[in-house]
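> Dumping the structure here so I can ask a few things about it.
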Amino acid sequence: MTGPARPCLPMVLFALISAVPVGLIGAGLVWGGLWLWAGFLYMAVLALVLDRLVPLVAGNRPEGAEFPAADLLLVTLGVAHLGLLPLATWAVAGGSGLYAGQRVLAFLAAGLWFGQVAHPAAHELIHRSGRGLFRLGAAIYVSLLFGQHVSAHRLVHHRHVGSAADPNSARAGEGFYRFALRAWAGSFAEGWRAETRLRSGVWRHPYGIFLGGGMLALMLGWGIAGWAGVLAWLGLALHAQAQLLLSDYVQHYGLSRAFLADGRLEPVGPQHSWNGGQWFSSALMLNAPRHSDHHVHPARPFPALQLAADAPHLPWPLPLACAVALVPPVWRRAMRGPVAQWRHMTGA
């Protein structure tokens, strides 16, 4: 017998949990004080606490369910990001009146939101078929000086995940910092090659938009606060990029796809991504922890992503797993058992 069906996360919960920190952080960037602490603690601590205090794993939506409000939330978060990034640059490096400790707190709080909420929103948007939605997602990554991800994620990562051809699949035993350097450079190069194969002329190459847009973003940083604004914008972008790379590292660490008899890689399945089912971090990150189903069904909207029973699960919620990964010896030791169990289960 199966137990009672678990409740699904309602759209209003996705909206509230992902958007509330925009107000807290935005108020903190302008007025400082307790608003800044509230925004920082929301992003840095609340998910870890509530995922533990209320150990709810939400249920799966029925196949074919549609969510017209999902795209509206993505657009709202995307527009919020494009406003919050220059505001954060001003608060950190401009004439905001914040003292040094508040500027550091503003940097950390805003950067966490860019990496844990704006990035999942942009990730969803670049998988949408609508041109406007796709361009908004690309604009978010370009503003974070990481436009290459638009190409590398769709054209390289999804095709080659779990193989040596994917620079964003972490190998067992590989530390995060070594992975991050390899993945950043590799995704830039492989994304370029993948786009070049699809384009007939250099002037139509999207990397021109990515690089040009990144330069415009830094020029806006300069307009906000001179060279200090450029450094603040760059720092915020690198903060968000590090979190993006941490997610890739954690969600594919040590998992590989086998080669079939004809030399092709086996199809991507639930067994090729690590997952998390905790309710608060799932709502905050727009179901990004349900990573296996996203790889199997890339176009599936985030509220409909399934948590397969046979998919491997991380020992901790995704935000906590990313924090552990920042200490490679601890991470390798903690993941040795789960990776060995995965290999035993899959025969890898």
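None of the figures in this text is laboratory data; all of them are computed from the coordinates on show. Note that the structure is predicted; figures quoted are calculated from it, not measured. Glycine gets a Cβ as well: all are built from the backbone with ideal geometry, and neighbour counts include every protein chain shown.
> Grab the Cα-Cα distance for Arg6 and Ala185, subtract it from 0.36 nm times how many residues apart they are, and report the gain in nm with one decimal.
Working: separation 179, 0.36 × 179 = 64.44 nm, distance 4.20 nm.
Answer, rounded to one decimal: 60.2 nm.
> On to the next question. For His344 and Leu34, what is the calculated FRET efficiency with R₀ set at 56 Å and r taken between the beta-carbons, to the nearest 0.05?
Working: r = 50 Å, r/R0 = 0.90.
Efficiency, rounded to the nearest 0.05: 0.65.
> Among Leu77, Leu56, Leu98, whose Cα lies farthest out toward the positive end of the dipole of the stretch 1-152, if unit charges sit on the beta carbon of Lys, Arg (+1) and Asp, Glu (-1)?
The Cα lying farthest towards the positive end belongs to Leu98.
> Now a separate question. To two decimal places, what compactness ratio does the stretch 159-204 give when its Cα radius of gyration is scaled by 2.2 N^0.38 Å?
Details: Rg = 12.8 Å, N = 46, 2.2 N^0.38 = 9.4 Å.
In units of the 2.2 N^0.38 Å rule of thumb, it is 1.36.
> Hey, another quick one. Can you give me the P(r) profile for the stretch 1-92? Cα pairs, bins 10 angstrom wide beginning at 0, each as a whole percent.
13, 35, 31, 15, 4, 1
> Can you pull a Stokes-Einstein diffusion coefficient for the chain at 37 °C (0.692 mPa s), Rh from Kirkwood over Cα pairs, as a whole number of µm²/s?
Here the translational diffusion coefficient equals 159 µm²/s.
> Could you size up the charge dipole of the stretch 101-195 around its Cα centre, putting +1 on the beta carbon of Lys and Arg and -1 on that of Asp and Glu, and report it in debye to the nearest 20? Walk me through the numbers on the way to the answer.
Working: 10 positive and 5 negative charges, 21 e Å.
Here the stretch 101-195 has a charge dipole of around 100 debye.
> Classify the stretch 94-208 as rounded, prolate or oblate, taking a ≥ b ≥ c as the square roots of the eigenvalues of its Cα gyration tensor: rounded when a/c is under 1.5, otherwise prolate if a/b is larger than b/c and oblate if not. Show your work: numbers first, answer last.
On the way: a/c = 2.15, a/b = 1.40, b/c = 1.54.
Taking the square roots of the gyration eigenvalues as a ≥ b ≥ c, the stretch 94-208 is oblate.
> Assigning unit charges at the beta carbon (Lys, Arg +1; Asp, Glu -1) and nothing else, what dipole magnitude in debye, to the nearest 20, does the chain show about its Cα centre? Spell out each step's value before the answer.
Values: 24 positive and 14 negative charges, 104 e Å.
Roughly 500 debye, rounded to the nearest 20.
> Next up: Let me understand the stretch 184-252 better: what is its radius of gyration from the alpha carbons, and its Dmax, in angstrom?
Looking at the stretch 184-252, its Cα Rg and Dmax stand at 14.9, 40 Å.
> Between the alpha-carbon centers of the stretch 299-348 and the stretch 103-144, tell me the distance in whole angstrom.
Between the Cα centre of the stretch 299-348 and that of the stretch 103-144, the gap is 23 Å.
> Still on this structure: What list of ³J(HN,Hα) values in whole Hz, one per residue of the stretch 9-18 in order, does the Karplus curve 6.51 cos²θ - 1.76 cosθ + 1.60 (θ = phi - 60°) give from phi, with Gly and Pro shown as x?
6, x, 4, 4, 6, 4, 5, 5, 5, 7
> Put +1 on the Cβ of every Lys and Arg and -1 on every Asp and Glu Cβ in the stretch 88-201; which of Trp192, Ala109, Val150 then has its Cα farthest towards the positive end of the dipole?
The one lying farthest along the dipole's positive direction is Trp192.
> Using modelled amide H (1.01 Å from N, peptide plane; none on Pro or chain starts), what sits under 5 Å from the amide H of His313, excluding residues fewer than 5 places away?
HN-HN under 5 Å from His313: Asn275.
> So, one more: At 7 Å along the Cα-to-beta-carbon direction for both Ser163 and Leu198, put a label point, then send me their distance in nm to one decimal.
1.8
> Based on the mean of other Cβ atoms within 10 Å per residue, sort peptides 173-186, 20-33 so the most packed one is first.
20-33, 173-186
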